[in-house]
Protein chains: 2
Amino acid sequence: MVKLAIPRKAVYRLSLYQRSLQRLKANKVSTVSSAALAKAAGVKPTQLRKDLTYFGQFGTRGLGYDVEALSNKLVEALGTTRLQPVILVGVGNLGSALLHYQGFAKEGFEILAAFDIEPGKKHHFDIPVLPMGRMREFIRTKKIKMAVLSVPGTVSQEVANELVAAGIQGILNFSTIILQVPDGVVVNNVDLAMELENLSYFIR
Amino acid sequence: MVKLAIPRKAVYRLSLYQRSLQRLKANKVSTVSSAALAKAAGVKPTQLRKDLTYFGQFGTRGLGYDVEALSNKLVEALGTTRLQPVILVGVGNLGSALLHYQGFAKEGFEILAAFDIEPGKKHHFDIPVLPMGRMREFIRTKKIKMAVLSVPGTVSQEVANELVAAGIQGILNFSTIILQVPDGVVVNNVDLAMELENLSYFIR
DNA sequence: AATTGTGAATTGATTCACAGCT
DNA sequence: AGCTGTGAATCAATTCACAATT
């Protein structure tokens, strides 16, 4: 499959370009050069152009890129055309924070349900908080592919195993444990404390 | 400065190793091989060993690493020995979520104060939520170096400028805008929706 | 005249392979 | 015998430089 030839980081940057294009579109800008778009995304112009070549040719020499058209192509390339249903597991401090967070929905992800060992901490929100016992069945019947994992590190591997067994293929992991998962399952880690630690290293 | 010779990603991994070491320490394990530690951190043994050489020699050939000693060395290398005071700007959905999040404190970061245009949304917490007008002075007098930025994208650049002007050197940016900052200021971006988008690309 | 698209060159990161210690 | 430390080799990503196009 050709997709595998694309550097992983290039895919991240595609999302970045997409964000900038959305803003340009909102400002009624119809055409943009690689220089301008790259600046907005915080990369070099050549890198932007190279990234785009992994997917095709979208620009007009001498002119630049059509904002609308390029945006559409990126959406298509990223596979964010249709809505992706998602579940969240672990409604603790961080988990309930994430449930309140509007940013997911804005980019086309809908959290269908949350799961917790103690679903009594239920939300005044439209998102139902269900007991862990119902998770497997939920994933199976709704054909959920992606999960946000915000349980404590002590149980995160165990829960990840359940998720995988139920058919989850992508996990956004907020625990500080590096999950061991079989091939074919993708894990993205977000470790907030680590980001701060990293910052503190680079200031001075 | 020698520090600049160290790959940026190696510093991230150092935090990862540190995490695994803490767990080993908690389990009263006193010695660990590069193979075992690398597995826990999700990297290859050679990479772990190479990463460590950027900072010095810590192991004993034929034996492995002393958990306690290596952990101490990493803490020192990462500069997380003393507590780092931090401020948070933008107490919206995500911001207030982050205020509740215990993970920062656990890794030695203390959020001294939060700032918001509408500090009336004040917290029942020990962390005071102050008006933006008092931010600059606060940063200056308390000599704060790091800030968590969770304001809406529409104002994030503007607020970042203020932070930098006041003396902030490291920003953990949760807005979806790539910040333009002068040399010497470090920005780490956390974009949750983008992480999901990225996952969704790789599943299938 | 301006700007893309891209092969070639460069730079950077990872992995290998094995010498060096304990 | 086992495992680290590291120079050399490999692999991957970025940037350059310029031909191609409008």
* Report the relative contact order of the range A:1-54, percent, no decimals, based on alpha-carbon pairs under 8 angstrom and at least 6 residues apart. => 34 percent
* Could you tell me what percent of the DSSP beta bridges with both partners in the protein assembly as shown are antiparallel, to the nearest 5? => 15 percent
* Structure fact -> For chain B, the longest principal axis of the Cα atoms and the Cα long axis of helix B:8-26 enclose an angle in degrees, to the nearest 10, of 70 degrees
* Report, as a whole number in µm² per second, the diffusion coefficient that Stokes-Einstein gives for the protein assembly as shown at 4 °C and 1.567 mPa s using the Kirkwood radius over alpha carbon pairs. => 57 µm²/s
* Structure fact -> Output row for A:Asp183: copy-to-copy label distances, label 7 Å along Cα→C-beta, ascending, in nanometres, one decimal, is 4.6
* Sequence-separation-based contact order of chain A, relative, with Cα cut under 8 Å and 6+ spacing, percent -> 13 percent
* Net charge of Cβ neighbours under 11 Å - reference A:Gln57; Lys, Arg +1; Asp, Glu -1 -> +3
* How about the range A:112-204: which chymotrypsin sites (Phe, Trp or Tyr not before Pro) there are in a DSSP loop, with at most 13 other Cβ atoms within 10 Å of their Cβ? -> A:Phe125
* Give me the compactness ratio for the range A:151-204, meaning the Cα radius of gyration over 2.2 N^0.38 Å. => 1.34
* **Value of [θ]222 nm, deg cm²/dmol, for chain A, DSSP H segments ≥ 4, -39500 (n - 2.57) each, nearest 500** => -13500 deg cm²/dmol
* Asked: How about the range B:50-92: which trypsin sites (Lys or Arg not before Pro) there lie in a loop by DSSP and see at most 10 other Cβ atoms within 10 Å?
  -> B:Arg61, B:Arg82
* **Nearest-first distances (nm) between copies at A:Asn27, label 7 Å from Cα via Cβ** => 5.2
* Structure fact -> Sorting from shortest, the nanometre distances separating the label point of B:Thr81 (7 Å past Cα along the line to Cβ) from those of the same residue in the other copies are 5.7
* By count of other Cβ within 10 Å, fewest leading, how are A:Val148, A:Val86 ordered? -> A:Val86, A:Val148
* Asked: Name the trypsin sites (Lys or Arg not before Pro) in the range B:1-40 that are in a loop by DSSP and that have at most 14 other C-beta atoms within 10 Å, would you?
  -> B:Lys28
* Structure fact -> Fewest to most Cβ atoms within 10 Å: A:Ser33, B:Ser150 sort as A:Ser33, B:Ser150
* To do: Starting from the Cα gyration tensor of the range A:8-78, multiply each eigenvalue by 5, take the square root, and state the resulting semi-axes largest first in whole Å.
  => 16, 13, 12
* Count the DSSP beta bridges whose two residues both fall in chain A, then state the antiparallel fraction as a percent rounded to the nearest 5. => 15 percent
* Structure fact -> The orientation-averaged projected area of the Cα convex hull of chain A, in nm², is 14.1 nm²
* **Rotation relating A and B, chain B residue nearest the axis via C-beta, angstrom** => B:Ala97, 1
* Asked: Based on DSSP, what percent of beta bridges with both residues in the range B:84-195 are antiparallel, to the nearest 5?
  -> 0 percent
* Roughly how compact is the range B:84-195, stated as its Cα Rg over 2.2 N^0.38 Å to two decimals? -> 0.97
* **For the range B:84-195, size of Cβ-based charge dipole, Lys and Arg +1, Asp and Glu -1, in debye** => 360 debye
* Asked: Counting other C-beta atoms within 10 Å, which of B:Lys145, A:Lys143 has the fewest, and how do the rest follow?
  -> A:Lys143, B:Lys145
* At each listed q (0.29 Å⁻¹), what is the log10 of I(q)/I(0) that the Debye formula gives for the range A:47-105 modelled as equal alpha-carbon point scatterers? -> -1.23
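Read-outs: derived from the displayed coordinates by stated rules, not from any lab. Just so it is clear, the structure is predicted and the values come from calculations on it, not from any experiment. Note that each Cβ is placed from the backbone with ideal geometry, even for glycine, and that neighbours are counted across all protein chains shown.
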